[in-house]
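Below: the structure, in C-alpha cells.
What follows draws every value from the coordinates through simple rules; no lab data is involved. Keep in mind the model is a prediction, meaning the values are calculated, not measured. Positions of Cβ are generated from backbone atoms using ideal geometry, with glycine treated the same way; all protein chains shown enter the neighbour counts.
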Amino acid sequence: MNNHKIIPFERNRYFYGKLLTVRDFEIEQKYFNDKRRLMNRILMGPGILAGLNVLTVDDKTLLIEPGVAVDYLGREIVSDAPFTSRLSVIEGFDQLPDYSDAYLNIAYFEESKEAVHNISQSENEYNRVLEAYKLTLSTEAPSVEHSLLDMIGLKQFTLLDNETFALYLKLDHVANVEEGFNAYLKIHKKQETDTVKINITLSSQYINYGQPMVLTFDETLVKSTDAYEMAWHFDVSQVKPQDDLIQLSGFSLTSESVQINHLDISLKHAVQLSALSKLEQIEHKYRTLSLDDLMMASAGDEICLAKLKVLKTERTYVIESITNDPLDQLLGNFQLSKIRKLETFQKVSALENRPLPSNVVNPHSEEKTTMPEVSSTTGSITFMFNDKLDVKAKFFSEEIEHGLGTGDVFIQIAIDSETSEGDAAFGYQNQMVFGDYELFEKSNYEPVVPVVKSAAITYKNKGTFIVGIQFLESYSRSELRVKWTATKINRRYEPMFALKNQLVIKPAMSKVKIRSKISYNVFKDGEPVPCTWHIKEENGGEIDANGVYMSPSVEGVYEIIADVTDYHEKLSAFVVVENEDE
C-alpha cells in the first residue's frame, strides 16, 4: 500500500484446478499487507513503538538501538540489531551547514535480494524482498503539515523559510471561553547571526475580545541559542457556537543585518468557537472526518529519531549533542498505558495515605497547596517567654524546614493575635498583621498586637529558614504566635523568557584561523563572572587566565571549558580552527 487512497480489498478464492500466476501471489501478499497497514494507520498513527534510541559511540559515530516504528502509510520499520554508522556517510550530511541542528530521520525501504536465474527470460531476477530502512539527515524536522494533528489540532503555517531563518506559526483549530485560544511560534536560526526581534500581529472578531493579538520575541532577553519555541494564551469572548477568522495583520523581523516588515503570504485561519471543551471539540472533528480525509492525513514518509547538534568544517566534524524523539512521536500501547495507570494509582494512594498535619504548637506545616505556577506551605511558630520583656528584646526561631525543597523560596511573616489555646490574646480581635506596624498607628485601624519587627532568612541549599522578632515595646504575656507562608515558583512552569541568574559563555561557537586569538567570557545577567579556563583536547591551543585563546597550528574542532567555581558549574564553547587558505 504505497498510496494514500484505499483500494477495495480483494483476496484470492481457491478451487481445485485453479491456475496460479504471479498476479495471484502478489494479490495474496497485498491483501494481508494492506489490511495490517490500514489498522496501523487508524489505530496507532505514525511514530516510534519501541527502541530506536540514538547514542554516540564517539564524537563522529552514531549507534541506533534496535526498535520498531510505523510510518504515515502504516508500514512497519523494524531494526532487529544495533546499527553503527559514521555520521558523514548518512544521506544529507553534505548539505548540513557548518554549525546547525541536524534531524536524523528513518524511512521504510525495500531492498531486492537473492538474484536467481529466470527460466522464462535471459535476465536474472531477485528471489526475495527485504523490508529494511534508510536514514537521512535534514536541517529541518519533518513537516507536520497535512498530518492529522495539523487537520484537527494545531494548524501550522510557514511564515518564513530562507537561508537564514525559518519561522513557523501554530494556531488552535478550536477554542472556548474557559480554555481560551493558544498560539505557538517556533524560530530556527539556520546561521550564526546577530540577535533578532520579531513582532507578529493577528486579528479576529472574538478572540482576545476583538483586540489585536501581538506575539513579540526579543532575543536579547533570553539565553542565546539557534532555536526557540514560545506560546501565547488569549481569552475568548462569550459567544454562541460559531467560527471566527484569524488573519495576519502585521509582521516585522529586525536584526542588525536584516529588516523585514512584510510577508507575502495570505494567512487566514478558521477557528471553531464552542461551549464544548477543546478535547470534546477535537474528538467531534475527528468523528466527522471522512475516511478519505483520514487516509490522506500524512506528513511524508519519514519518522524523526533524533535531533543532533553538529559542528562541521571542510575536513572534520563533531557531534556535540543528541536529543532523542524531539517531535514526541512515541506511540502509546497497552503495556505503557498499564504502567501509566499504575503510576497514577500509586500517586493517588500516596496522597490518600499521607498523614494529616499535626496541631503541635512548635514549627510545622499546616497546609500545602499546589497551583499550576506556584507551590506554597504555611505554618506557625509560638515564641514562649518566662518573664516580662524589655524593649529591643530579640528572639530567633530554630531552623524550620518549609517543605518546598531547595532553591529560591519567598517567606512572608505575620504577627497573629490568636494564642495556642485558640483565643485572641489582645482584645479578643482575631487579627494578623503583615509588614510595618507603624503605618496603622494613631488611626482607626491600629492593630491590637504588640509592636514587633520581624524578618526571615532562607537557606536555599538546605530548604530551611529561620524567623527573628524584636519587640519595640514592653510585653507581659507568656507567648507570641507568628504565622509564616513559604512560596516557590515551579521552574518547569516559568516563562522561557525568565532566564535570570543563568550563566552564559560567549562566544558559544566561533571560527578562527590557525595561530590566531579570540577572547572568551562568562556572564551572569550581563555581568562578567570569574572562572578558570582550560582546553579539553591535547594540543588544542592555549588559553590564559583572562580567557584569551590562541588557536593551534592544526585545524580541527576544539572544546573550551570554563570552570565557574563560585556556582559549581562548567560551561563549554567550541572553536573551529581552519587553515588560512580556506
- Could you tell me which chymotrypsin sites (Phe, Trp or Tyr not before Pro) in the range 434-480 are loop residues by DSSP with no more than 10 other beta carbons within 10 angstrom of their beta carbon? Y445
- Give me L308, L331 ranked fewest to most by other Cβ atoms within 10 Å of their Cβ, as a rough exposure proxy. L331, L308
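Between N444 and Y184, 0.36 nm times their residue separation minus their Cα-Cα distance comes to what?
Details: separation 260, 0.36 × 260 = 93.60 nm, distance 5.20 nm.
Going from the current span to full extension adds 88.4 nm.
Please report the net charge: other residues with Cβ closer than 13 Å to the Cβ of V564, K and R +1, D and E -1. Spell out each step's value before the answer.
Numbers: positive: K524, K570; negative: E527, D563, D566, E569.
Cβ neighbours under 13 Å give a net charge of -2.
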- Starting from the Cα-Cα distance between W232 and E398, subtract it from 0.36 nm times their residue separation and give me the gain in nm to one decimal. 55.3 nm
- Task: Go through the range 308-317 residue by residue and turn each phi into a ³J(HN,Hα) via Karplus (6.51, -1.76, 1.60, θ = phi - 60°); whole Hz please, and just put x for glycine and proline.
- Result: 10, 9, 10, 9, 9, 10, 5, 10, 8, 7
- Say R0 is 51 Å: what FRET efficiency, to the nearest 0.05, do Q259 and S478 get from their beta-carbon distance? 0.10
- Using the Cβ atoms and a cut-off under 13 Å, what net charge is assigned to the surroundings of I413, where Lys and Arg are +1 and Asp and Glu are -1? +1
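Given the pairs K155/K197; K60/K307; K392/K442, which are separated by over 18 angstrom at their Cα positions? Walk me through the numbers before you get to the answer.
Details: K155/K197 24 Å; K60/K307 15 Å; K392/K442 21 Å.
Long pairs (Cα-Cα over 18 Å): K155/K197; K392/K442.
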- Query: Across the range 161-171, in residue order, what do the Karplus-derived ³J(HN,Hα) couplings come to in whole Hz, using 6.51 cos²θ - 1.76 cosθ + 1.60 with θ = phi - 60° and x for Gly and Pro?
  - Reply: 7, 10, 6, 10, 10, 9, 10, 10, 10, 10, 10
- Counting other beta carbons within 10 Å of each Cβ, put D98, D58 in order, fewest first. D58, D98
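Strictly over 21 Å apart at the Cα level, which of K189/K309; K30/K285; K170/K268 would you flag in this model? Show your work: numbers first, answer last.
Numbers: K189/K309 13 Å; K30/K285 31 Å; K170/K268 12 Å.
Pairs exceeding the cut-off: K30/K285.
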- Message: Skipping prolines and chain starts, which residues have an amide H placed within reach, meaning under 5 Å, of the one on G92, given they are 5 or more residues away or on another chain?
- Response: L137
- Per-residue HN-Hα couplings for the range 27-41 [Karplus 6.51, -1.76, 1.60; θ = phi - 60°; Hz; x = Gly/Pro]: 5, 4, 5, 4, 4, 6, 4, 5, 5, 5, 5, 4, 5, 4, 5
- Find the centroid of the Cα atoms in the range 438-465 and in the range 506-582, then give the distance between the two in whole Å. 50
- Report the label-to-label distance for D218 and S519 in nanometres (one decimal), using points 7 Å from each Cα along the Cα→Cβ vector. 2.6
- Where labels lie 7 Å past Cα in the beta-carbon direction, separation of L245 and V554 in nm: 6.6
- Gain in span if fully extended, T21 to H534, counting 0.36 nm per residue against the direct Cα distance: 177.5 nm
- Item | Sequence-distant residues sharing a close amide H with Q502 (under 5 Å, placed H) | D525
- Item | Interchain or long-range residues, amide H under 5 Å from S516's placed H | S551
